[in-house]
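This report refers to the structure that appears directly beneath it.
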């Protein structure tokens, strides 16, 4: 079980899977894949944005210890700095490869798990999540930011130990 850093560690784990499998083709450098808000992408070619966190009440700890089990909702978006004639193609090309990589790595094990997630025997599952046009509109409501085609993914179970022994400071 992981500490309170599990949410950040899950995002970094997904980034690591994508970096390992998408560079140098179709993305030239691992530094061009990262966590970001669609409103602040910097020089990223592939952005991963955590837009929602929900408790997964179906998960029960096999050890009987109190845990917080979460499902994380991500928006994955490709960005290209190419001219307008090439941009849509580049972004579609990047998205296709990202989808392929995440399907091939739908169960993320210790090879890619980062931080406190990598210190447990847990796995992180990732699967495509359909985002309705209405929900997508709510997520993409950034002023002066053009919409980019995006795809939703969920990552689960992200398990945080809540008995105070999960590596972080105990709540008071």
Let me check against my output: what whole-number percent is the relative contact order of the chain, with C-alpha pairs under 8 Å and at least 6 apart? 34
Peptides 115-124, 77-86, 151-160 ordered by average Cβ neighbours within 10 Å, highest first: 151-160, 115-124, 77-86
With a Förster radius of 25 Å, plug the Cβ-Cβ distance of residue 8 and residue 163 into 1/(1 + (r/R0)^6) and report the FRET value to the nearest 0.05. 0.80
Applying the gyration tensor rule to the Cα atoms of the stretch 114-167 (axes a ≥ b ≥ c; rounded if a/c under 1.5, else prolate if a/b exceeds b/c, else oblate), the class is prolate
For the chain, longest principal axis from Cα atoms; helix 84-104 axis from its Cα atoms; angle between them, nearest 10 degrees, is 30
At R0 = 22 Å, how high is the FRET efficiency between residue 35 and residue 92 if r is their beta carbon distance? Nearest 0.05 is fine. 0.50
Alpha-carbon Rg with Dmax, taken over the chain, Å: 16.9, 57
How far, in nm, would the chain grow between residue 147 and residue 99 when pulled straight, counting 0.36 nm per residue and subtracting the alpha carbon separation? 15.4 nm
Cα-based helix-to-principal-axis angle, 6-22 vs the chain, degrees rounded to 10: 40
In deg cm²/dmol, rounded to the nearest 500, the helical mean residue ellipticity at 222 nm of the chain, built from -39500 (n - 2.57) for every DSSP H run of length 4 or more, is -8500 deg cm²/dmol
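Rule-based calculations on the coordinates, nothing more; no lab input. The structure displayed is predicted, hence computed values, not measured ones. When we count neighbours, we look across all protein chains shown, and the Cβ atoms used for this are built from the backbone with ideal geometry, even at glycine.
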